[in-house]
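Data first, discussion second: the structure below is written as structure tokens.
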Amino acid sequence: MPGLVSVKTPPDSAPPRIAVPEPQPQQSEPAPVSRTPSPHTNKPPSPSPSRSKPSPARSKKPQPASPDTILADASLDNPDLGPFLLKLARDTIASGEGPNKALEYAVRASKSFERCAVDGEPSLDLAMSLHVLAAIYCSLGRFEEAVPVLDRAILVPEVGRGADHALAAFSGHMQLGDTYSMIGQVDRSIECYEEGLKIQIEALGDTDLRVGETCRYLAEAHVQAMQFERAEELCKKTLEIHHAHSEPASLEESADRRLMALICESKGDYESALEQLVLASMAMIANGLENEVAAIDVSIGNIYMSLCRFDEAVFSYQKALTVLKASRGDNHPSVASVFVRLADLYHRTGKLRESKSYCENALRIYVKPVPGTTAEEISGGLTEISAIYESMDEPEEALKLLQKAMKLLEGKPGQQSTIAGIEARMGVMFCMLGRYEEARNCFESAVTKLRASGEKSPFFGVVLNQMGLACVQLFKIDEAAELFEEARRILEQECGPCHQDSLGVYSNLAATYDAMGRVEDAIEILEYVLKLREEKLGIANPDFADEKRRLSELLKEAGRTRDRKAKSLENLIDSNSTSKKTRKEGTKRWGALSFKL
């Protein structure tokens, strides 16, 4: 997502250089903490007021006090100390000494600003120093420590005091949202962005260009959270603002239309997505940006493939491939991504030899990437290729690629949800290979990461269901029942009881209850499922007859006086839940959702 006023450590880049703006005694508006000023070579000013004339007994050339001496001896009540320490923090980062010393200076600067603040008067210098302190924490990967600092920073400004305070509050909310995003707490991140947008609109009006940029930023966050209705609303507002302030066919409008196309595609409205992409392509052609036109051609090819217009999709991909090879070289990752799309297309059309050839061409590029290729690009490409190998019934090769993809992302900030998705797919591969203990471990690791991020999406429910199935195969029936119950609660809330995933979990839970001897509970669930099918879904589904037969058997056995031996789960677990279903999402952003069991 594009940068805004706040300091952000993007998930696809190295930790940024920390910019410490030099505070001014009287500032008309808060210093933007996202800009990196040029390092000054001037000697830092003394934090202490001028001293009296030295006595004759003193040396004629006294040695200046070191920063460490200043930190140890100077009083934090000195109003000159805060600006001085912030300058030291900036100079420390600029000199390459590392952020740890800068962190020490920034902490002391914040304390000094806090102690020197006038009672009852909010200090923008304090808010700015806290923003800088949080940015240093983020550069060290200590995101959890940055959160309380920013929570405190957003309480300092008073929005009603004018534009300076409003923009400082806006910056704090956006930076806090970025930090939550880096630790995978997407919902809390979006809440902060929404609050920041509200403050910005109150200060600048709802037609300001800066509001348009924030709306686009927030729309992308909602897309990542799969909240497409809100994303579409924000994207439309962005288009309206850019249309009012920019020339026709502007680059800003083209970028907005590409985002709108992604939203429409995710909602299944392929015709509208195609229309938006064509308009975006025309704008890029008018501005002479061939590489951007090629990228849009790839997206157009994706839409054509979703519409089963395969010949037109091939034409779009080949057109993009020609431009990208000419401008970026044969070994650029963008070329590899087109190879992957062609491999997927030929696999769908049954041309497996051509599909595998394109997979191998893409892998040759990802194995020896050109300088500047990010780990996220390579990992995303490997994940997509693994899905194709999975569809070709080559789980061993798919598993190897997923393991490489996950290794590339280990230790990368903001990638917890992506790693969880890869681990879930690895669990599926292990299940296909009959390695259920390893499958359970993968699912457990994925569930732990998703819980930590506050995930409550349908995907989380599906992963819980898969972990439950792995536990069944390991005869851990009690654990499987707990997982199915949690999956049922999530899927009922997110998808509704009539969704196919919810029905599959109902069936799995009924089978597990039966195996545990909880026959009445199993009967209750099967009766509920049959009622849903009869009243809302119809009885033509072949699962209806199987569920009716299972219920009949349970009812017949429920009246027995002797203890019934638990049945094997092999014939009770929903067959639909163990069959492989693959759903292509049209963009690697959704690679973690390309499977279900």
Potential extension, residue 246-residue 308 segment - 0.36 nm per residue separation minus Cα distance: 18.7 nm
Dipole magnitude of the range 292-351 about its Cα centre (Cβ charges: Lys, Arg +1; Asp, Glu -1), debye to nearest 20: 120 debye
Three-way shape call for the range 152-295 based on the alpha-carbon gyration tensor, with the a/c threshold at 1.5: prolate
FRET efficiency, 1/(1 + (r/R0)^6) with R0 35 Å, evaluated for residue 451 and residue 534 via beta carbons: 0.45
Theoretical gain in end-to-end length, residue 100 to residue 269 [0.36 nm per residue, Cα-Cα removed]: 55.8 nm
Radius 14 Å from Cβ of residue 319, net charge of other residues (Lys, Arg +1; Asp, Glu -1): -3
Rounded if a/c under 1.5, otherwise prolate or oblate - the range 80-204, Cα gyration tensor axes: oblate
Directionally averaged projected area (convex hull, Cα atoms, the range 424-469), nm²: 2.7 nm²
Nearest-20 debye value, the range 75-204 charge dipole, Cβ charges on Lys, Arg, Asp, Glu: 320 debye
Extension gain, residue 396 back to residue 111 (0.36 nm per residue minus Cα-Cα distance, nm): 97.0 nm
Inter-label distance for residue 233 and residue 548, nm, one decimal - labels placed 7 Å from Cα along Cα-to-Cβ: 4.4 nm
Prolate/oblate/rounded call for the range 316-439, Cα gyration tensor, a/c under 1.5 rounded: oblate
Net +/- balance of residues flanking residue 366 in space, Cβ distance below 10 Å, scoring K and R +1, D and E -1: +2
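Computed from the coordinates by the stated procedures, all read-outs in this text should not be read as laboratory data. Since the structure is predicted, the reported quantities are computational estimates derived from the model, not experimental observations. Methodologically, a virtual Cβ is constructed for each residue, glycine included, from the backbone with ideal geometry; neighbour enumeration extends over all protein chains shown.
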